[in-house]
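One structure is given here, and the rest of the page talks about it.
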Amino acid sequence: MFSQKSDPFPGPAPIPEDRVQKFKRKEKLKKPHHKQYKLRDIIARSEDASEMAQKQAARFDLLLPEEAGFLEGDEDEDTFTISQEDIADAVDITSGAKYFNLKLSQFGPYRVDYSKTGRHLLLGGRRGHVACIDWVSKQLMCEINVMESVNDVKWLHSETMYAVAQKKWLYLYDSNGIELHCIRKFNDVLRMQFLPYHFLLATASATSFLQYLDVSVGKEVAAICTKTGRLDVMCQNPYNAIIHLGHANGTVTLWSPNQKEALVKMLCHQGGVRSVAVDKTGTYMVTSGMDKKLKVYDIRAFKPLKSYFLPAGASCLSLSQRGLLSAATGDVVQIYKDVWSTPVTKPYMAHRVRGTVWGLHFCPFEDVLGVGYGEGFTSMLVPGAGEPNFDGLDANPYRSAKQRQEWEVKALLEKIQPDLISLDPTALAQVDQATLAQRHQDRVEALGFDPLAKEKFVPKFKKKGRSSAGAVERRKKQVAHEEQRDIIRKGVEDKMKMEKERREREQNVATFSSQKSALDRFKK
Amino acid sequence: RYQMKVKVLSRNPDDYVRETKLDIQRVPRNYDPSLHPFEVSREYTRALNATKLERVFAKPFVASLDGHRDGVNCMAKHTESLSTLLSGSCDGEVKVWNLSKHECVRTLQAHEGFVRGMVVRFCGTSFFTVGDDKTIKQWKMESPGYGEEEEPLNTILGKTVYTGLDHHQNDPVFATCGQQVDIWDEQRSSPIRSFTWGVDSFSSVRFNPVETELLASCASDRSIVLYDMRESTPLKKVIMSMRSNTLCWNPMEAYYFTCANEDYNLYTYDMRYLTSPIIVHMDHVSAVLDVDYAPTGKEFVSASFDKTLRIFAKDSGHSRSVYHTKRMQHVICIKWSADNKYILSGSDEMNIRLWKANAAEKLGVLAPREREAASYSQKLKEKFQHHPQIRRIARHRHLPKNIYHQTKELRIMKEARRRKERNLRKHSKPGSVPMVSEKEKHVVTVVK
């Protein structure tokens, strides 16, 4: 027996709009001409499929297990006055254990790197001390002294190998501390960045060379002479694998291994650039300079967004996965929330360490910031820094050795060739209009006629006297009128667009021109 | 002291690590696009790998059925059993094969001279053969018992040589062609209807599998004639520039048929608009002898005198695959198996070869993950098929040297003809030399 009640919420469950927007990749295409029925069908089907995939992914979002951390004080209390010890006492034991200090005063200021999964920590002291630790279980994996000064340390694709930029050359070590390679082609390396999906180690040297090393094959992919002086400010854009270098004349340059010149040169600061950081979506770049300013730029449109004044300029910057910015001013580490949308007046958190800060790195997937300074290393608790839900197939902190091996094989199979690194990573998905036009031209020449040209309209011969001369002429005129209207409409649209552009250009010129005369008030 | 609200991300390892060694690993997923950068480039790399692997695993030859003592002239698919195939050879022998064991199950001497046509009845219990000795014979499908002789169920003696045979889909009616097209009832020994149209010989006749009352036949005056069994005269015919050897109806679309022509092409016609073919399929370098559609109706395979067989998609002008072997000589007859997986080719050197329809496909039962991986690779290859590097690898086929050179030569000849026509048009009064499309070039006229 069926109950007479009807479903009070008919249809599928509604999905919040912002969640659906998160998974949107591209706008819908303009529908092709109705005569191209096959193309229309293909496009309609693929758009249906991608809409379905978007909705499914948005629905799955509900099932994510973890939620991000947060820190809220009372109404009159500022969160940056809360000390790390208080936070460590207030949270559970495992989280409290994530706050620890390593007193290593002997071997100089420390540079820090976390592996991609966030499980393993690499410390490199200036006087030669290199140690890699599983910091969650506090297990020491290896500890060596390379007997030379160490400029930078970086994990390679997994926790089995790391690179150390020593005084003269670049060395690759195993996680047991065994020296694997000494690469003499890479000399005087000051900074390194690892591009994980391309298996490329990008190094910036004191002799102004930017070199790329493919660590899966072991070949040098590109060596670019940047001719801009000593390169000691470097960061990567995780969205499109472009390297950002900061220079002493205040410019930030963007490099890819395919071009010998910089892709973009931006003048960011009035003094030298001290540090650069780019967020994971590749939208915002934060730079700090010798002019004690902290600036935020929109990297996609190359526009400055915000500019802040820090009384003591920030020497190191790091952006977390959820958009928290950590800036090191002297021996104080300040953390700011949401630097690019709302104007920030005070920091979110602050912490003082013993000695100048030399390296800052947020731990991926954890609410932890690693600070390397003159007297050692501190791991700070920063609630809300880490991405709560990781993807097991990409970077899984809880993976076993077998899972790591499988992941490594798959990652090597889908290693992206360095030719594909460009400012727009979706360039492959777009139609190459230039080649299309060229090919069409070649085809027209080869065939002698244009196969895509519209055929002249020949009205169908109708029976029973409906095809008299007057009727045929009338039908032809109708089609001719329609085509004429299309041409006129297109012409008018183009003209309007050009007018608008011209007006905008004039307006820009007018606003930027500094000549102000008294007669300006009479100008319309 | 402080009244603060704080939460630090802390995960319980029990939720992320498996409980025992016997469980599978836990893999939590997050589909956020910012966690998966470089989607397009990674997919492109995967598509490139998939295309390369497809070429690596493209080994279409499965088995060769040996046993005939003269060239294989015609084949017939069993309507009920997927593993049975019948073949007739040029010395009058008919062999029944078991395809799963690659063995000949039964041999019988059907005719003196060539076996010209064979077809299995729709019920699957008997089959018909026609031969050069002017007879039509019907045989039982079961092998004769111990001590029994091979005897046909029924023999019909005719006055002229019959060159082709086809059976109706549902009714006990079959059609033969020779000097005219005859429709026979199984119980009668003379045709119930004969169609003639001033042609002296027909090479093949086929019933439409969807519109079961329609037939088509290929005639020696370079035409294709359409008939309706219920009428007394043929419907219409289209005359082309060269003769067609055979034709095959599309099993899924009632009005399309493809004919295999002597001028190295195949033409797909819409039965309703015979003035120009829908598509011209060009890729062979010698006369096309036989054609058969896949049961899905989306592809067909053609056998040619140039010792290759090619698989075409139904709406594309060029082939997607070409199969050839040093040992395979002129391919006379071809069949696409009813489970859409295999292609059977009978050739001049007395062998029938079994090929995979999808050369890189893994046969047998696939595990669910294998199937998913295969369909993901397939979708990736389709998505990126137009990119030049991927297209170059996907299109690459090894061809025997003589076919490769012959293809180049034909292209040069075609280019020369086209250039001369272009020059003629350029130097004549505009409009006096009309543009004739490639499709219309091959049709001479349609006669009602």
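Hey, does segment B:78-88 have a residue that's aliphatic (A, V, I, L, M) and at the interface with another protein chain (Cβ under 7 Å from one of its Cβ atoms)?
Within segment B:78-88, none of the residues are aliphatic (A, V, I, L, M) and at the interface with another protein chain (Cβ under 7 Å from one of its Cβ atoms).
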Within segment B:230-245, identify whether any single residue is surrounded by fewer than 17 Cβ atoms within 10 Å (Cβ to Cβ), modelled with pLDDT under 95 and part of a strand (DSSP E or B), and answer yes or no.
yes
Can you pull out every residue in segment A:73-99 that is modelled with pLDDT of 90 or more and facing chain B (nearest Cβ under 7 Å)?
A:I82, A:D86, A:I87, A:A90, A:V91, A:D92, A:T94, A:S95
Residues satisfying the stated conditions in segment B:55-78, i.e. of a type outside the set (K, R) and more than 25 Å from B:D132 (Cα to Cα):
B:V56, B:F57, B:A58, B:P60, B:F61, B:V62, B:A63, B:S64
Scanning segment A:16-62 for residues that are assigned to a loop (DSSP other than H, G, I, E, B), away from chain B (no Cβ under 12 Å) and charged (D, E, K, R) gives A:E27, A:K28, A:K30, A:K31, A:K35
Exclusive hit being within 14 Å of another protein chain (Cβ to nearest Cβ) and either free of Cβ contacts under 8 Å to residues at least 12 places away in the same chain or not in a loop (DSSP other than H, G, I, E, B) (or both), set A:V458, A:V479:
A:V458
Restricting to segment B:364-418, and then to whatever is touching a residue at least 24 places away in the same chain (Cβ under 8 Å) and part of a loop (DSSP other than H, G, I, E, B), can you tell me which residue is nearest to B:S321 (Cα to Cα)?
B:R397
All positions within segment A:82-98 that are surrounded by fewer than 13 Cβ atoms within 10 Å (Cβ to Cβ) and among the polar types (S, T, N, Q):
none
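On the given criteria, is B:T296 out of contact with any Cys (no Cβ under 6 Å at 6 or more places or on another chain), more than 27 Å from B:S64 (Cα to Cα) and β-branched (V, I, T)?
No.
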How about segment B:312-342: which of its residues are of a type in the set (V, I, T) and buried (at least 23 other Cβ atoms within 10 Å of the Cβ)?
B:V331, B:I334
Which residue out of A:Y212, A:Y197 is of a type in the set (F, W, Y) and in a loop (DSSP other than H, G, I, E, B)?
A:Y197
Selected residue (criterion: farthest from B:P37 (Cα to Cα)) from residues of segment A:268-324 that are touching a Leu at 6+ places or on another chain (Cβ under 8 Å) and of a type in the set (D, E)
A:D298
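Hey, among the residues in segment A:101-118 that are surrounded by fewer than 16 Cβ atoms within 10 Å (Cβ to Cβ) and either of a type outside the set (D, E, K, R) or under 32 Å from the mean Cα position of the chain (by Cα) (or both), which one's nearest to the other protein chains (Cβ to nearest Cβ)?
For segment A:101-118, the residue satisfying everything is A:N101.
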Quick check on my filter: what residues within segment B:1-25 are outside any helix (DSSP H, G or I) and more than 7 Å from chain A (Cβ to nearest Cβ)?
B:R1, B:N12, B:R18, B:E19, B:T20, B:K21, B:L22, B:D23, B:I24
Of residues in segment A:369-397 being within 21 Å of A:F107 (Cα to Cα) and part of a loop (DSSP other than H, G, I, E, B), the one nearest to the other protein chains (Cβ to nearest Cβ):
A:E375
Filter pass, B:T268 being on the phi < 0 side of the Ramachandran plot, within 16 Å of the chain's Cα centre (by Cα) and either in a strand (DSSP E or B) or without any contact (Cβ under 8 Å) to a residue 12 or more places away in the chain (or both):
yes
Before we move on, is A:V444 away from chain B (no Cβ under 14 Å) and surrounded by 10 or more Cβ atoms within 10 Å (Cβ to Cβ)?
no
What single numbered condition from (1) surrounded by fewer than 23 Cβ atoms within 10 Å (Cβ to Cβ); (2) touching a residue at least 24 places away in the same chain (Cβ under 8 Å); (3) farther than 18 Å from A:T203 by Cα; (4) not β-branched (V, I, T) fails to hold for A:A262?
(3)
Please specify each residue of segment A:400-423 satisfying the condition of being under 20 Å from A:H120 (Cα atoms), facing chain B (nearest Cβ under 10 Å) and part of a helix (DSSP H, G or I).
A:K402, A:Q403, A:E406, A:A411
Please verify whether segment B:1-18 includes one or more residues that are modelled with pLDDT of 95 or more and either surrounded by fewer than 13 Cβ atoms within 10 Å (Cβ to Cβ) or at positive phi (or both).
no
I'd like the full set of residues that are crowded, with 22+ Cβ neighbours inside 10 Å and within 22 Å of B:V210 (Cβ to Cβ), limited to segment B:275-291.
B:P277, B:H281, B:D290, B:V291
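The values are calculated or read from the model by the stated rules, or taken from the named source; none is laboratory data. Keep in mind that this is a model prediction, so the values were computed, not measured. Methodologically, a virtual Cβ is constructed for each residue, glycine included, from the backbone with ideal geometry; neighbour enumeration extends over all protein chains shown.
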